Amino acid sequence: MSTRYAIILAAGKGTRMKSKLYKVLHPVCGKPMVQHVVDQVSKLNINEIVTIIGHGAEKVKEQLGNKSKYALQEEQLGTAHAVMQAKEILAGKEGVTIVVCGDTPLIKAETMEALFQHHEETNAKATILTANAEDPTGYGRIIRNTEGFVERIVEHKDATEEERTVKEINTGTYCFDNIALFEALQYVSNDNVQGEFYLPDVIEILKNQDNKVSAYQSKEFEETIGVNDRVALAEAERIMRKRINEFHMRNGVTIIDPLNTYIGPDVEIGQDTTIYPGSVIIGKTVIGTGCQIGPNSEIKDCQIAMNTVIRQSVAHSSIIGSYVNIGPFAHIRPDSNIHDEVKIGNFVEIKKTDFGKGSKASHLSYIGDAEVGSGVNIGCGSITVNYDGKNKYLTKIEDDVFIGCNSNLVAPVTIGRGAYIAAGSTITEDVPADALSVARARQVNKENYVEKLKLKK
Ligand code: UD1
Ligand code: CA
C-alpha cells in the first residue's frame with residue numbers, strides 16, 4: 001500500500017445555504033458536515049489530512065481540532081485553487097491523495113477505501129468516484145468516450161444540452177497520484193462559465209498527457225450527495241438518520257418509529273433498549289442494555305447504564321445509573337450523577353448534583369448543587385435554595401434523610417444522616433443526624449373567629 005494523504009475542501013462560503021453559519025459547519029444529525037467527512041477519512045490509515053479553510057476558517061479549525069492540518073485559501077477561486085493551497089504541505093511527496101468535499105457528509109470510509117483499492121489496482125494517475133443520479137442537476141457530469149473510458153468532467157453550468165442528459169455524476173471525491181496532481185494543477189485555467197479553477201479539469205489534463213484515469217462507481221447515489229442548500233441538507237439528514245437507526249436496529253435496539261427518532265452518529269446503545277418516538281439522542285451519549293427512552297426524550301452527552309427508563313424528559317451531560325426511573329417531564333441538567341435505582345419524577349429539576357443510590361424526588365422539586373446520599377426521600381415541592389443572587393452554595397443531604405413536602409433547604413447547609421425535616425420547613429442551619437427539624441410557624445386555631453368577623457361587618 002502506498003502512502004496516503006487526504007485533502008478536504010472546506011473553504012467555501014456556501015452562498016446557496018443563505019446562512020450566517022459556514023456551509024460545512026451545518027450539522028447533519030447533530031454533527032457538522034465537515035466533521036462527518038473528517039471522521040470517515042480518519043478511519044483510512046491516512047498519513048496526513050489537510051483541510052482547506054477560508055470562510056469561517058477559525059470556526060472550522062476549532063471544530064476539527066488536531067485531527068487535521070490546515071491550509072488557508074484566502075480567496076475562493078475554485079476547487080483546483082483550493083487543492084493548490086495544500087502544496088506547501090504535500091507537494092513533492094510520493095503517494096496517493098484522496099480529495100473529498102466538506103459538503104458530502106454521507107460518504108463512508110468503506111467507499112473511500114474501495115476507491116483507493118480501485119485506484120491502486122488499475123494503476124491510474126487519477127480515479128473519480130462517480131455515481132448515477134436520477135436527477136443529476138447541478139453536478140459535474142462524467143464524459144466517457146465511445147469505448148467507455150473517462151475523458152473529462154463537465155460542470156453542469158458549462159455542459160451542453162446533450163451532456164446534461166448524462167446521469168453519471170462526479171461525486172467530488174477523487175484519488176490522485178500526489179505528484180501528478182500538483183503537477184497538473186498548474187495547467188488548470190479559469191476559462192469557464194463560473195470563472196473558477198475547477199479541480200475536475202485535472203482529469204482532462206492528465207488524460208491529455210497520456211496518463212491513465214479511471215472511474216469507480218459508487219453503488220448508491222445517496223451516499224455521495226453534495227449539500228449546497230437546505231433542501232439537500234434535509235435530504236442528507238433523512239438519509240443519515242435512516243442509516244444510523246438501521247445500524248442500531250440491526251444491533252438489537254428496538255426503535256418504534258425510525259422516521260421519528262433522531263439519534264446522533266456517535267451514540268452507542270445496548271441491546272434490548274427501546275427508543276420511543278420523538279426522542280432526540282445526540283452527542284457522545286452511551287446507553288446500556290434494556291433501557292426505555294422516550295417518547296419525546298432529549299438526551300445529550302449522557303452515560304446511562306442498564307434497565308433505566310427516561311420518559312418525556314431532558315437529560316444533558318450527566319451520568320445515570322441502572323434501574324433509574326426518570327420522568328415524565330423531568331430535567332437532568334449538566335454534571336449530575338444519578339446513581340442506581342433512583343427515582344426522579346414529574347417536574348423535578350436536578351442540576352450539578354450527586355444523587356445517591358435508591359433516593360427519590362418524585363414530584364415538583366429543584367435540587368441543585370447538592371450531594372444527596374442513598375435512601376433519601378425528598379418530598380413533593382422541596383427545593384435547595386442554592387443561590388443568593390451572587391454565589392452558589394452546596395446542600396448536603398446524608399443517607400436515609402426524609403425531607404417533608406414543601407421544604408426549603410437554604411444552602412450552605414447539611415442535613416445529617418437519618419434526620420427528618422418536617423413538611424413546610426425552611427431550614428437555614430445544619431440538622432444533626434437522627435434529629436427531627438421543624439422550622440415553620442406553629443399553627444394557631446382561633447375557634448369561632450369567622451363568626452366574629454362576620455358580625456363585625
Ligand atoms: C463540485 C464539483 C462537481 C461535483 C460536485 C459534487 C467542481 C468545480 N465541481 O461542485 O463536479 O459534481 O462538487 O458535490 O469542483 N471549495 C473550496 N474553495 C473554493 C471552492 C470550493 O474550498 O474555492 C469547497 C467548498 O467549501 C465545498 C467543496 O469545495 O466543500 C465543493 O465546492 P462547491 O462550490 O460546493 O462545488 P459544487 O458546485 O457542488
Ligand atoms: Ca457542493
**Report entry** Search result, residues across the range 145-183 that are closer than 21 Å to Glu196 by Cα and in a loop (DSSP other than H, G, I, E, B)
**Finding:** Glu155, Ala159, Thr160
Requested in this report: Please go through the range 283-315 and pick out each residue that is open to solvent by 10 Å² or more (accessible area, probe 1.4 Å), assigned to a strand (DSSP E or B) and in contact with an Asp or Glu (Cβ under 8 Å, 6 or more places away or on another chain).
Outcome: Val286, Val314
Query raised in the report: Can we say Ala419 is under 38 Å from the mean Cα position of the chain (by Cα), buried (at least 18 other Cβ atoms within 10 Å of the Cβ) and over 29 Å from Val309 (Cα atoms)?
Result: no
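Listed here are the residues, each with its yes/no results for (1) of a type outside the set (Ser, Thr, Tyr); (2) open to solvent by 60 Å² or more (accessible area, probe 1.4 Å); (3) closer than 17 Å to Glu196 by Cα.
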{"residue": "Ala11", "(1), (2), (3)": "yes, no, yes"}
{"residue": "Leu21", "(1), (2), (3)": "yes, yes, no"}
{"residue": "Leu25", "(1), (2), (3)": "yes, no, no"}
{"residue": "Val34", "(1), (2), (3)": "yes, no, no"}
{"residue": "Val37", "(1), (2), (3)": "yes, no, no"}
{"residue": "Lys43", "(1), (2), (3)": "yes, yes, no"}
{"residue": "Ile46", "(1), (2), (3)": "yes, no, no"}
{"residue": "Gly56", "(1), (2), (3)": "yes, no, no"}
Report summary line: Among (1) in the same structural domain as Val24 (by the TED database); (2) part of a helix (DSSP H, G or I), Ser214 falls short only on (2)
Report task. Could you tell me which residue of the range 216-240 is surrounded by the most Cβ atoms within 10 Å (Cβ to Cβ), considering only residues that are within 12 Å of ligand 1 (Cβ to nearest atom) and of a type in the set (Val, Ile, Thr)? Result -> Val227
Query raised in the report: Within the range 316-360, can you find the residues that are assigned to a loop (DSSP other than H, G, I, E, B), among the small types (Gly, Ala, Ser) and out of contact with any Cys (no Cβ under 6 Å at 6 or more places or on another chain)?
Result: Ser317, Gly321, Ser322, Gly327, Ala330, Ser336, Gly356, Gly358, Ser359
Requested in this report: Give just the number: which of (1) open to solvent by 20 Å² or more (accessible area, probe 1.4 Å); (2) at pLDDT 95 or above; (3) part of a loop (DSSP other than H, G, I, E, B) does Glu88 not satisfy?
Outcome: (3)
Query raised in the report: So, of the residues in the range 1-43 that are part of a helix (DSSP H, G or I) and aliphatic (A, V, I, L, M), which turns out to be nearest to ligand 1 (Cβ to nearest atom)?
Result: Val24
Query raised in the report: What are the pairs, 6+ residues apart or on separate chains, where a residue within the range 245-259 that is over 14 Å from Ser279 (Cβ atoms) has its Cβ under 8 Å from a residue that is assigned to a loop (DSSP other than H, G, I, E, B) and open to solvent by 60 Å² or more (accessible area, probe 1.4 Å)?
Result: Asn251/Gln271; Gly252/Gln271; Gly252/Asp272
**Report entry** Failed item in (1) in the same structural domain as Ile282 (by the TED database); (2) in contact with a helix residue (DSSP H, G or I) (Cβ under 6 Å, 6 or more places away or on another chain), with Ile256 passing the rest
**Finding:** (2)
Query raised in the report: Checking Ala71 against (1) open to solvent by less than 60 Å² (accessible area, probe 1.4 Å); (2) in a loop (DSSP other than H, G, I, E, B), which single condition isn't satisfied?
Result: (2)
Query raised in the report: Taking the range 177-215, which residues are open to solvent by 50 Å² or more (accessible area, probe 1.4 Å) and free of Cβ contacts under 8 Å to residues at least 60 places away in the same chain?
Result: Glu183, Gln186, Tyr187, Ser189, Asp191, Val193, Glu204, Lys207, Asn208, Gln209, Asp210
Query raised in the report: Can we say Ala82 is buried (at least 16 other Cβ atoms within 10 Å of the Cβ), more than 15 Å from ligand 2 (Cβ to nearest atom), modelled with pLDDT of 95 or more and in the same structural domain as Glu196 (by the TED database)?
Result: no
Query raised in the report: Among Asn307, Asn337, which is at positive phi and in the same structural domain as Val401 (by the TED database)?
Result: Asn307
**Report entry** Filter result for the condition that a residue is free of Cβ contacts under 8 Å to residues at least 12 places away in the same chain and either within 16 Å of ligand 2 (Cβ to nearest atom) or part of a helix (DSSP H, G or I) (or both), over Asp103, Asp135
**Finding:** Asp135
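The values are calculated or read from the model by the stated rules, or taken from the named source; none is laboratory data. These numbers come from a predicted model, not from an experiment. When we count neighbours, we look across all protein chains shown, and the Cβ atoms used for this are built from the backbone with ideal geometry, even at glycine. SASA here: full protein model, heavy atoms, side chains in, ligands and nucleic acids out. Shrake-Rupley method; radii C 1.70, N 1.55, O 1.52, S 1.80 Å.
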